[in-house]
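So the structure is just underneath, and the comments pick up after that.
The values are calculated or read from the model by the stated rules, or taken from the named source; none is laboratory data. The shown structure was predicted, so the numbers you read here are calculated from the model rather than taken from an experiment. Reconstructed Cβ throughout: ideal geometry from the backbone, glycine too, with neighbour counts over all protein chains shown.
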There are 2 protein chains.
Amino acid sequence: MKDVAVIGIGMTKFGELWNQSLRDIFVEAALKAIENSKVDHIDSIYVGTMSSGLFVGQEHIGAVMTDYLGMNPIPATRVESACASGGAAFRQAYLEIASGQSEIVLAGGVEKMTDGADVTESLATAADQEYEVYNGVTFPGLYAMIARAHMHQFGTTREQLAAVAVKNHKNGSMNPNAQFRSQVSLEQVMKSTMVADPLRLLDCSPVSDGAAAVILCSMDAAKKFTNNPIKVIASAQASDTITLHSRESLTTLKAVSAAAVKAYKQAGIKPADINFAEAHDCFTIAEIVITEELGFFEKGKGGAAVEQGLTSLNGKIPINSSGGLKSKGHPVGATGIAQIIELYEQLTGKAGDRQVNNARIGLAQNMGGSGASCIIHILEAI
Amino acid sequence: MKDVAVIGIGMTKFGELWNQSLRDIFVEAALKAIENSKVDHIDSIYVGTMSSGLFVGQEHIGAVMTDYLGMNPIPATRVESACASGGAAFRQAYLEIASGQSEIVLAGGVEKMTDGADVTESLATAADQEYEVYNGVTFPGLYAMIARAHMHQFGTTREQLAAVAVKNHKNGSMNPNAQFRSQVSLEQVMKSTMVADPLRLLDCSPVSDGAAAVILCSMDAAKKFTNNPIKVIASAQASDTITLHSRESLTTLKAVSAAAVKAYKQAGIKPADINFAEAHDCFTIAEIVITEELGFFEKGKGGAAVEQGLTSLNGKIPINSSGGLKSKGHPVGATGIAQIIELYEQLTGKAGDRQVNNARIGLAQNMGGSGASCIIHILEAI
């Protein structure tokens, strides 16, 4: 396989972008990434979008975006893996360059969720329509069941869940592209509106519009454009049952651990070699379970770890220095690419006030549904 | 790049499959392909679907299908490029193996269009929602404009359009998986219900359910499973404007010609070296324009070619020996994979009554929307 690097990034602010359409925000992010990378051409484009059909009535997203970028006849393909669509788009771009067929590929992600569609119903199409959604469960309910089981089995507390939100809002307050730059207190999280017991409003990532794009390049060609390419040292993906009720345990995310094992093997490293990570905190409980499945903490100790500050910006393993989905926002198709952007900014030392010390190897973990798909990338500053 | 081969195929009958769900038909096709190929494992899965969200309210299709195949934790990704989604899924599987990251990949396509959704509205999301669909045009209208322009510019006749349908229904009558195995006469086509002048009902591909799957394998590993691997000698893709009104000419499909140039270059061959082809005949006029853009006939001569029998099963370059979208059916996400299946059957000499003589190199041309995306694969019997 050819070595692949990330050499440029661009994103919109995440939030309620009512003055811009789906294509507007994608083009904004893509042009920023192209300018940032200084490339002289693009061979191919991938766009991660979960459900542009249901959100804004537009499929064939690859073709739409290439056209609005003024980049015909460059090929463009849309990739979907629910909320892991961005990670999936990045992975396809990586594989295309690794194969040797292309040299420079743009991987982007986009979602426009605030334009009037029924967001809860549209997002629920990431769960099993026949066995879960038909019976009335939606995502806050599914993650609430995971949270209850984790509390029961490991003694995880309501305060530990809240600590994830407090930490991520603190990090996000230092991210100019974050949807919510306000800090929240433990008490505010604990007293916010109940959504699905035990998860409250401030345990949930928001509904967001946003787009993000990165430029990937073969390592050989990267030297033409930058002195500071960030190498992709692992790309791995795994699946789990689409339904929560089919799993042996509600407190494990097998797709995460399976993808992590493959990723560490490809990179030739251990969990302890990771300096910082972006984890898919669609709900606070998700971050706790994910940090366990990635091997950063023993099973059942993820809640205590966040409470003890081990995942804070200056902790043992900073998690979601960007603010995570919780504070930065979660335009579902864009999230996986925004995670890569945070890795790039940290690994190039350009993360400003939220810079992680000695950031050399970072991991991005992007997840679909209640964990039925997981895509992990590991990037290294060389 | 590593060499890649197709080593097994499976598909459902195309048609109105009211007794089976989206997941049922995909699993049926995938299991047939796995059994047909005799592989001992699968590394990864790609699923092409245009709009499962709008058709049946289910996204996250990769995860759903891996689960229902009982194949967790194998990674699975959904790929969308409107009606070229199947070709796009095949291309991603090809690139993953060519990169060396995987050895054996299943590429499938599926669509369930008869379950109650508004098909015309759902399909229209492959056109530009803001500039085309909002103003009332749908796909029969877009292709009718192409047909009128082609008739005006090159003297293409109503009879020549009808000849495409007559030929493809004749071929499809010999395909046990075709939706319509009835032959039609020139007079029947010419007198069928008007849809969008000059296109009549029998100029249009039908609304269909169906699934198709193939197994791709690195050429090195293929020898373990078969004595007859079919080599993928080109995979190419290109884009054109999403809207018809943005094009310099209504009678050219630039994404087709651009992808064809790349494909012939990769394969190191000329149009004349192709023994037969599957072309994306969503409407009769599409096949005529495509055969010109692929370089089989001079610009403007595609209509005369079909009338003279040059594209018939025993003609100079047989087009759509399978029956094409017109007769075989067009479950949009499955179509690109079904084209590959026809190539495989012809190249292994297993196409029965519709076998093309001396079939050694075949081309599959899959297209999205009114031609905004095009994916071409060339396969060779070695």
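Tabulated data for the structure shown
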item	result
Contacts under 8 angstrom Cβ, first residue in segment A:215-240 being within 14 Å of chain B (Cβ to nearest Cβ), partner of a type in the set (Phe, Trp, Tyr), 6 or more apart	A:Leu216/A:Phe90; A:Leu216/A:Tyr94; A:Val232/A:Tyr94; A:Ala234/A:Tyr264; A:Ser235/A:Phe90; A:Ser235/A:Tyr94
B:Tyr94 in a loop (DSSP other than H, G, I, E, B) and not charged (D, E, K, R)	no
Residue satisfying all of: in segment A:85-102; more than 9 Å from every other protein chain (Cβ to nearest Cβ), touching a helix residue (DSSP H, G or I) at 6+ places or on another chain (Cβ under 9 Å) and among the hydrophobic types (A, V, I, L, M, F, W, C); nearest to A:Leu216 (Cα to Cα) among these	A:Phe90
Output for segment A:12-38, where each listed residue is of a type in the set (A, V, I, L, M, F, W, C) and either within 14 Å of chain B (Cβ to nearest Cβ) or farther than 20 Å from A:Ala381 by Cβ (or both)	A:Phe14, A:Leu17, A:Trp18, A:Leu22, A:Ile25, A:Phe26, A:Val27, A:Ala29, A:Ala30, A:Leu31, A:Ile34
Segment B:61-75, subset outside any helix (DSSP H, G or I) and more than 8 Å from chain A (Cβ to nearest Cβ), residue surrounded by the fewest Cβ atoms within 10 Å (Cβ to Cβ)	B:Gly70
Matching residues, segment A:242-258, being at the interface with chain B (Cβ under 8 Å from one of its Cβ atoms) and crowded, with 23+ Cβ neighbours inside 10 Å	A:Ile242, A:Ala255
Identity of the residue in segment A:136-165, at pLDDT below 95 and surrounded by fewer than 19 Cβ atoms within 10 Å (Cβ to Cβ), that ends up farthest from A:Val189 (Cα to Cα)	A:Gly136
Residue, modelled with the highest pLDDT, within segment B:34-61, restricted to residues that are under 17 Å from A:Gly53 (Cα atoms) and small (Gly, Ala, Ser)	B:Gly48
Cross-chain or 6+ apart pairs with Cβ under 9 Å, segment A:191-206 first and at pLDDT 95 or above, then in a loop (DSSP other than H, G, I, E, B) and among the hydrophobic types (A, V, I, L, M, F, W, C)	A:Ser192/A:Val184; A:Leu202/A:Val184; A:Cys204/A:Cys282; A:Ser205/A:Cys282; A:Pro206/A:Phe14; A:Pro206/A:Phe180
Residues located in segment A:39-54, provided they are over 19 Å from B:Ala236 (Cβ atoms) and within 9 Å of chain B (Cβ to nearest Cβ)	A:Thr49, A:Met50, A:Ser51, A:Ser52, A:Gly53, A:Leu54
Which numbered condition A:Ile242 fails, given (1) in contact with a helix residue (DSSP H, G or I) (Cβ under 9 Å, 6 or more places away or on another chain); (2) not assigned by TED's automatic domain parsing to the domain that holds A:Glu342	(2)
The listed residue being among the aliphatic types (A, V, I, L, M) and in contact with a Cys (Cβ under 9 Å, 6 or more places away or on another chain), out of A:Val332, A:Val356	A:Val332
Conditions (1) within 13 Å of chain A (Cβ to nearest Cβ); (2) touching a residue at least 40 places away in the same chain (Cβ under 8 Å); (3) of a type in the set (A, V, I, L, M, F, W, C): number failed by B:Ala124	(2)
B:Val289 being within 14 Å of chain A (Cβ to nearest Cβ) and in a helix (DSSP H, G or I)	no
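Every residue, every condition in (1) in contact with an Asp or Glu (Cβ under 9 Å, 6 or more places away or on another chain); (2) within 23 Å of A:Gly86 (Cβ to Cβ); (3) free of Cβ contacts under 8 Å to residues at least 24 places away in the same chain, yes or no:
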position: B:Glu28; (1), (2), (3): no, no, no
position: B:Lys32; (1), (2), (3): no, no, no
position: B:Asn36; (1), (2), (3): no, no, no
position: B:Ser52; (1), (2), (3): yes, yes, no
position: B:Glu59; (1), (2), (3): yes, yes, yes
position: B:Asp67; (1), (2), (3): yes, yes, yes
position: B:Ile74; (1), (2), (3): yes, yes, no
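Matching residues to (1) crowded, with 24+ Cβ neighbours inside 10 Å; (2) part of a loop (DSSP other than H, G, I, E, B); (3) touching a His at 6+ places or on another chain (Cβ under 7 Å):
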{"residue": "A:Val6", "(1), (2), (3)": "yes, no, no"}
{"residue": "A:Ile9", "(1), (2), (3)": "yes, no, no"}
{"residue": "A:Asp24", "(1), (2), (3)": "no, no, no"}
{"residue": "A:Ala33", "(1), (2), (3)": "yes, no, no"}
{"residue": "A:Asn36", "(1), (2), (3)": "no, no, no"}
{"residue": "A:Ile42", "(1), (2), (3)": "no, yes, no"}
